[in-house]
Amino acid sequence: MNSYTHGTGDTPLLGDTIGANLDRAVAAWPDREALVDVASGRRWTYAEFAADVDRLAYALLASGVAKGDRVGIWAVNCPEWVLVQYATARIGAVMVNINPAYRTHELEYVLNQAGVSLLFASLSHKSSDYRAMVEEVRGRCPALRETAYIGDLSWDALIARGTPAPFPELSCDDPINIQYTSGTTGFPKGATLSHHNILNNGYFVGELIAYSEQDRVCIPVPFYHCFGMVMGNLAATSHGACVVIPAPSFDPRATLEAVQQERCTSLYGVPTMFIAELNLPDFAGYDLSTLRTGIMAGSPCPVEVMKRVVAEMHMEQVSICYGMTETSPVSLQTRMDDDLEHRTGTVGRVLPHIEVKIVDPATGVTVERGTSGELCTRGYSVMLGYWDEPEKTAEAIDQGRWMHTGDLAMMRDDGYVEIVGRIKDMIIRGGENIYPREIEEFLYAHPKIADVQVVGVPHERYGEEVLACVIPRDPADPLTLEELRAFCDGQLAHYKIPSRLTLLDAFPMTVSGKVRKVELRKRYATG
């Protein structure tokens, strides 16, 4: 049997715009809570939230923002971020998500590449002074007419302009969101997404974990990323559930306090976030008994971590999702009743209304099940294209509208998919293909290892050698290379056993919580 499958389902795709879908939620659950910001104590019912969305939408129209114009949002997680998301969708403006970690060079590139005319920004966060950075690039961004700062008089002044006016006629296929993919080489590319792309993806992700108006979803992952704004916000509002913002950026203690205080039923995170929460010295003191589900995504989940999340965080129905920005983002997801092995050994099976196949990267031919190749996906979720970059779009989406993910994967006989690694992360040592994920999974079981990443670094004789980057459980009792190699001996093929070890306090991360392996490779390229 070949490695092709498509998702069937009894539930049809939504043909709504995001605004029309929100109106349905308001009509059904006007008095249920839609949004809670733990840090400021502010709360919105669905009726209140929709009224504030419309107020902001009117203000955008009064500020000269028309359907198709680009509106930037450069901010940490806060209620205003969510209001901007729904208000821009309401009028058909294209919201441009800007990573809060960007510095002036990257900010200037995105503002110009997308042609942003109005920018919403945080005032500051940690060491970033957003106002100073905007002032620095403003003169070099000709399209940028106005900046409104969240929590500042400029935000209030913009809102005050709004007067009720008719909203533009919209199609669910209109572009309404540009998300920049973190380019590891060169500048990031702007994945352009429609109402149809992201509303349906959020809706079906929520369907597969049985969201209803009873759910309260704690979202410590960033909104600027699909994980927060699609799998979080849109999954919640399309089911009448409540979005709970625990803090402006990830804080393990604030996250667990929010779950306890707001009686959350669902919690999101990348594996490193769950590891940080489980490792809090007072972890056992938090009441997490209201949790039933949640989503782990972004990188593979170690078995030991999954066991603790299910047993100690009460997340028996936790789901693993696999996706990428260009596919809105989720293509594969585990189901609520999947066993531990499927939740940790695979990234689930295809979502309803989506197709996936695994092809030979060299020939493009679909491989047999049980054989690794490049994962490709097709369906409603595939982006419209990279903003203003037709050549790069054509490199990623072939003539059959298949999105090529760049991930190496293998489809099992039951249709579940294992991610073997990135095509570019694969280590080739002396002609042997080595997949870092396999070694990482094995090393997680070592009692002295809290977290581990495996990368290939140059080697004169073998081309590449295996480097294990380890965060030790107890810095006072660090792991040695001899101990590591002895642990692997007889368990892993000799060529997979790390020949180098480096101990770290933390890994270099993207803001969305993915480890920057490219940075580790660069850092340790010379012995």
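For segment 473-525, with all protein chains in place and a probe radius of 1.4 Å, 48% of the accessible heavy-atom surface sits on carbon or sulfur. Is the C-alpha gyration tensor of segment 113-187 telling us rounded, prolate or oblate? Criteria: a/c under 1.5 is rounded; beyond that, a/b larger than b/c is prolate, otherwise oblate. Judged from the Cα gyration tensor, segment 113-187 comes out oblate (a/c at least 1.5, b/c at or above a/b). When the solvent-accessible area of segment 215-329 is split by element, carbon and sulfur atoms take up 54 percent of it, the probe being 1.4 Å.
Toward the positive end of the charge dipole of the chain, about the Cα centre and with charges on Cβ (Lys, Arg +1; Asp, Glu -1), which of GLY139, GLY348, TYR462 goes farthest? Of the options given, the answer is GLY139.
With only Cα atoms counted, segment 158-243 has Rg and Dmax values of 15.5, 45 Å. Phi angles of segment 370-380 translate, via the Karplus equation with coefficients 6.51, -1.76, 1.60 and θ = phi - 60°, into HN-Hα couplings of x, 10, 7, x, 7, 7, 10, 9, 9, x, 4 Hz per residue; Gly and Pro are given as x. ASP388 contributes an accessible area of around 120 Å² to the protein surface, as traced by a 1.4 Å probe with all chains present. Oblate is the label for segment 437-527, because the ratio a/c of its alpha-carbon gyration tensor axes (a ≥ b ≥ c) is 1.5 or higher and a/b is not greater than b/c.
Both radii were evaluated on the Cα set of segment 385-510; the Rg over Rh quotient, with Rh as the Kirkwood radius, amounts to 1.07.
The count of lysine pairs in the chain that are at least 8 places apart or cross chains, and whose C-alpha atoms lie under 16 Å apart, stands at 4. Amide H to amide H distances under 5 Å link SER194 with ILE176, LEU384, where only residues 5 or more positions off or on other chains count and H is placed in the peptide plane.
In sequence order, segment 397-408 has phi-based couplings of 10, 7, 5, x, 6, 7, 8, 8, 7, x, 9, 8 Hz under the Karplus curve 6.51 cos²θ - 1.76 cosθ + 1.60, θ = phi - 60°, and Gly or Pro positions carry x.
Remark: segment 395-527 carries 49 Å² of accessible area per residue (probe radius 1.4 Å; ligands, DNA and RNA excluded). Partnerless cysteines in the chain, where a partner means another cysteine C-beta under 4.7 angstrom, comprise CYS78, CYS141, CYS172, CYS226, CYS242, CYS301, CYS321, CYS376, CYS469, CYS488.
Going through segment 136-198, which trypsin sites (Lys or Arg not before Pro) have at most 11 other Cβ atoms within 10 Å and a DSSP loop state? When the trypsin sites (Lys or Arg not before Pro) of segment 136-198 are filtered for loop state and at most 11 Cβ neighbours within 10 Å, ARG140 remain.
In order along segment 246-254, phi translates into HN-Hα couplings of x, 6, x, 9, 4, 9, x, 5, 4 Hz, rounded to whole numbers, per the Karplus curve 6.51 cos²θ - 1.76 cosθ + 1.60 with θ = phi - 60° and x for Gly and Pro. Using a probe of 1.4 angstrom and keeping all protein chains present, the accessible surface of segment 234-345 works out to 30 square angstrom per residue. Taken about its Cα centre, segment 321-444 carries a charge dipole of about 140 debye when Lys and Arg each add +1 at the Cβ and Asp and Glu each add -1 at the Cβ.
With the dipole of the chain worked out from charges on the C-beta (+1 for Lys and Arg, -1 for Asp and Glu) around the Cα centre, which of VAL116, HIS6, TRP29 lies farthest toward the positive end? In the chain, that residue is VAL116. Backbone amide hydrogens, once placed in the peptide plane, bring THR45 within less than 5 Å of ALA34, excluding anything fewer than 5 places away on its chain. In whole angstrom, segment 1-159 maps to an equivalent ellipsoid with semi-axes of 29, 22, 17, each derived as √(5λ) from the alpha carbon gyration tensor and ordered largest first.
Select from segment 266-350 those GluC sites (Glu not before Pro) which occupy a DSSP coil region and have at most 14 other Cβ atoms within 10 Å, ordered by residue number.
GLU316
In a simple Cβ point-charge model (Lys, Arg +1; Asp, Glu -1; nothing else charged), the chain has a dipole of about 780 debye relative to its Cα centre. Think of each Lys and Arg Cβ as +1 and each Asp and Glu Cβ as -1; about the Cα centre, that makes the dipole of segment 475-527 roughly 480 debye. The amide H of GLU213, built 1.01 Å from its N in the peptide plane, has no neighbour under 5 Å, considering only residues 5 or more places off or on other chains.
The values are calculated or read from the model by the stated rules, or taken from the named source; none is laboratory data. Here the structure is a predicted model, which means the values were calculated and not measured. Every residue, glycine among them, receives a Cβ derived from its backbone with ideal geometry; neighbour counts consider all protein chains shown. The area values use the complete protein model at the heavy-atom level, side chains included, leaving out ligands, DNA and RNA. Shrake-Rupley method; radii C 1.70, N 1.55, O 1.52, S 1.80 Å.
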